[in-house]
1. Return the residues of the range 1-19 that are at pLDDT below 75 and not acidic (Asp, Glu); say none if nothing qualifies.
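The values are calculated or read from the model by the stated rules, or taken from the named source; none is laboratory data. Fair warning: this is a prediction, and the values are worked out from it, not measured in the lab. For neighbour counting, all protein chains shown are included, and Cβ atoms are generated from backbone atoms with ideal geometry for every residue, glycine included.
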Amino acid sequence: MGRKDANNSRLPIEQYRKQIGKQDYKKTKSVLKETKIKAEAKRSAPGIRDTVLILVAVLILLFVVYSFFYLNLAKEIELDIDLDDN
């Protein structure tokens, strides 16, 4: 008995799917191919967001290395000045 109720609830969804299928069928094949090609290109192409993230990561790495060497040299120069004063 519960099975009949489940079938009735799917009916509007099936009608909706059929309606969308009819709309796609009305389009020409060339339009459908173009849409498919665009969707594939979006999925396979690396996005701008990925490129920006990689560039930011590289810049942060360079900044960290530069600051490490800068601070290291600054301490050595201070030590040299202190030794010269004595």
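1. MET1, GLY2, ARG3, LYS4, ALA6, ASN7, ASN8, SER9, ARG10 - these are the residues of the range 1-19 that are at pLDDT below 75 and not acidic (Asp, Glu).
Quick grid of which residues meet (1) at positive phi; (2) surrounded by fewer than 10 Cβ atoms within 10 Å (Cβ to Cβ); (3) modelled with pLDDT of 80 or more:
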{"position": "LEU32", "(1), (2), (3)": "no, no, no"}
{"position": "THR35", "(1), (2), (3)": "no, no, yes"}
{"position": "ALA41", "(1), (2), (3)": "no, yes, no"}
{"position": "PHE68", "(1), (2), (3)": "no, no, yes"}
{"position": "ASP85", "(1), (2), (3)": "no, yes, no"}
